[in-house]
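Heads up: the structure comes next, in C-alpha cells.
The values are calculated or read from the model by the stated rules, or taken from the named source; none is laboratory data. As the structure is a computational prediction, the values presented were derived from the model and not from experiment. Virtual Cβ from ideal backbone geometry, glycine too; neighbours counted across all protein chains shown.
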Amino acid sequence: MTKTRIALIAILPLLFVMGSAQAKLPPPSAEAKAAADEKKLKDAETAKLAAEAECKAKDKVAARYLKEQKGTAAGKPVAVDCPPKPPAPPAVAAAPAPAAAGAVPAKPPTPAAPPAAAPPAAVKK
C-alpha cells in the first residue's frame, strides 16, 4: 500500500505539469491553407495515376493469361473490372482583377434552388 501511495504522489504532479504545459497552435495562415489545398490536389492526381497504372497492369496480366490459355479448355474470356475514369478536376481559376474605382461590383451567380420536398404521405388508420 505504501509503494502505491508513493507512486501516486510522484505521478500526480507530473500529470498536472504535463496537462498545463500543452498549448494551442495558432490557426494556419492563408499561405499554409493554399499549400494544403495544392497538396490535396496533387495527392488526388497521384492516386488517380496510380489507379490507372494498376488497371493497365491488370489488363496486361489478363491479356498474357488469356494468350497462354488459348490452347486449353479453360481458355474462356475473363472480364477485368477496372473503375471508370473520374472526370478531370476543375481548373483553379486565377483571382479576378480588382474593379476600377466607382465601378459597381458584379452580383455573384446564385446557385440553383434545391427541388421542393414532397409532402409527407397521409397516415391511414
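Within the set Ala57, Ala32, Ala36, Ala62, the sole residue that is of a type in the set (Gly, Ala, Ser) and touching a residue at least 12 places away in the same chain (Cβ under 8 Å) turns out to be Ala62.
Sort out which residues of region 24-71 are hydroxyl-bearing (Ser, Thr, Tyr) and surrounded by 11 or more Cβ atoms within 10 Å (Cβ to Cβ), and write them in order of number. Quick ask: steps written out before the conclusion?
As a first pass, look at region 24-71 and keep what is hydroxyl-bearing (Ser, Thr, Tyr): 29, 46, 65.
Tyr65 - this is the single residue of region 24-71 that is hydroxyl-bearing (Ser, Thr, Tyr) and surrounded by 11 or more Cβ atoms within 10 Å (Cβ to Cβ).
Residues are listed down the side, and each one gets a yes or a no for (1) farther than 30 Å from Pro90 by Cα; (2) modelled with pLDDT of 95 or more; (3) in a helix (DSSP H, G or I):
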site: Pro13; (1), (2), (3): yes, no, yes
site: Pro26; (1), (2), (3): yes, no, no
site: Ala32; (1), (2), (3): no, no, yes
site: Lys40; (1), (2), (3): no, yes, yes
site: Asp43; (1), (2), (3): no, yes, yes
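Of the residues Ala53, Ala57, the single one that is part of a helix (DSSP H, G or I) and farther than 22 Å from Pro87 by Cβ is Ala57.
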